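Take a look at the structure set out below.
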């Protein structure tokens, strides 16, 4: 299938509570645009685990719809007690797909809370009610993206070079993204900015996805290797860094795609502001600092046999953490749908989220 003229929605729910979820298979971009249909909870789990859908907000939305699909296997004469038991099994199963992105657990907790608050509904009524909640999560995510874009665009000035790492655009959310939403909003205001996109080893989300999105939207973008970021900063090409986040601790420590830690230190060394863009649902106030954030370890083949080609000798020992944590002291500000957190301290974070 040929690529669309403009990026379509990352996900789309089809029909009623007996329907299914359509996703863009992001593992195939940019070479091939293909949508997949998830008709079982196992297919949703696999799509999340294998990064066919990725990005913390998008994972949360997909998981919420995955619950609706998982509940379809209940017999029509199931009791409410059987419904609640099965709901816990389905949400528990989906929670095992990826450990770092907190939006996954936030969305599943919200679905479980909705069920608990509506104990008087029958299984059929409850199934419909949970679909309404899943759709609400998706709608709120789109609105969140737009608000982050508006709030962050003020930080970008005419002629700026902006570095980003990994993909925090529309493909990572139900809307325009988090970090990229700011760039889209700035461009829509008429500001001439130029984006530098790290390729983002080992799965090249920056090269495959971020450049694809920016090109689709007409925002100037230059692709660089991850290890070029420091030199590009030294050359004066970059005046701001903006990344997304998958989980943010109470003190502002922010987990994002592996390599973000290095970029944050490089920005500090060159006197360049380092911004994190994320919705309030990405904060995990139960964690005191980034030391407590679980870091997903992924398969060695992603490094030794990236995209099906051997690039290391057989039997090579591999360490492959999918995320790292940018310390709060290196973060100039965190941009959320509520506004801008600055300075990034636990006191300011908690006050911001209570508004």
Identify, from the list 48, 24, 59, the residue that is within 18 Å of residue 132 (Cα to Cα) and under 20 Å from the mean Cα position of the chain (by Cα). 59
Which listed residue, of 269, 312, 249, 299, is within 21 Å of residue 144 (Cβ to Cβ) and at pLDDT 95 or above: 249
Any idea which of 85, 79, 91, 73 is within 11 Å of residue 41 (Cβ to Cβ) and surrounded by fewer than 16 Cβ atoms within 10 Å (Cβ to Cβ)? 73
Looking at (1) surrounded by 20 or more Cβ atoms within 10 Å (Cβ to Cβ); (2) over 30 Å from residue 70 (Cα atoms); (3) in contact (Cβ under 8 Å) with a residue 40 or more places away in the chain, which one does residue 216 not meet, given that it meets all the others? (1)
Between 134, 174, 187, which is part of a helix (DSSP H, G or I) and either in the same structural domain as residue 279 (by TED's automatic domain parsing) or at pLDDT below 95 (or both)? 187
Being in contact with a helix residue (DSSP H, G or I) (Cβ under 6 Å, 6 or more places away or on another chain), within 23 Å of residue 177 (Cβ to Cβ) and either in a helix (DSSP H, G or I) or touching a residue at least 12 places away in the same chain (Cβ under 8 Å) (or both) narrows 159, 152 down to just 152
Quick check: is even one residue across the stretch 281-291 farther than 16 Å from residue 345 by Cα and part of a loop (DSSP other than H, G, I, E, B)? no
Checking the conditions here, which among 344, 318, 325, 349 is at pLDDT 95 or above, under 23 Å from the mean Cα position of the chain (by Cα) and part of a loop (DSSP other than H, G, I, E, B)? 344
Scanning for something in a helix (DSSP H, G or I), in contact with a helix residue (DSSP H, G or I) (Cβ under 7 Å, 6 or more places away or on another chain) and either assigned by TED's automatic domain parsing to the domain that holds residue 205 or more than 23 Å from residue 60 (Cα to Cα) (or both), does the stretch 247-263 turn up at least one residue? yes
Tell me the residue from 181, 207, 229 that is farther than 27 Å from residue 302 by Cβ and in a helix (DSSP H, G or I), please. 181
Counting just the residues of the stretch 273-298 that are farther than 14 Å from residue 335 by Cα and buried (at least 21 other Cβ atoms within 10 Å of the Cβ), which one comes out farthest from the chain's Cα centre (by Cα)? 290
Assess whether residue 192 counts as being surrounded by fewer than 21 Cβ atoms within 10 Å (Cβ to Cβ) and modelled with pLDDT under 95. no
Scan of the stretch 265-280 for residues that are over 17 Å from residue 348 (Cα atoms) and touching a residue at least 12 places away in the same chain (Cβ under 8 Å), ordered by number: 265, 266, 267, 268, 269, 270, 272, 273, 274
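The values are calculated or read from the model by the stated rules, or taken from the named source; none is laboratory data. Keep in mind it's a predicted model, so treat the numbers as computed, not measured. Cβ atoms come from the backbone with ideal geometry, glycine included; neighbour counts cover every protein chain shown.
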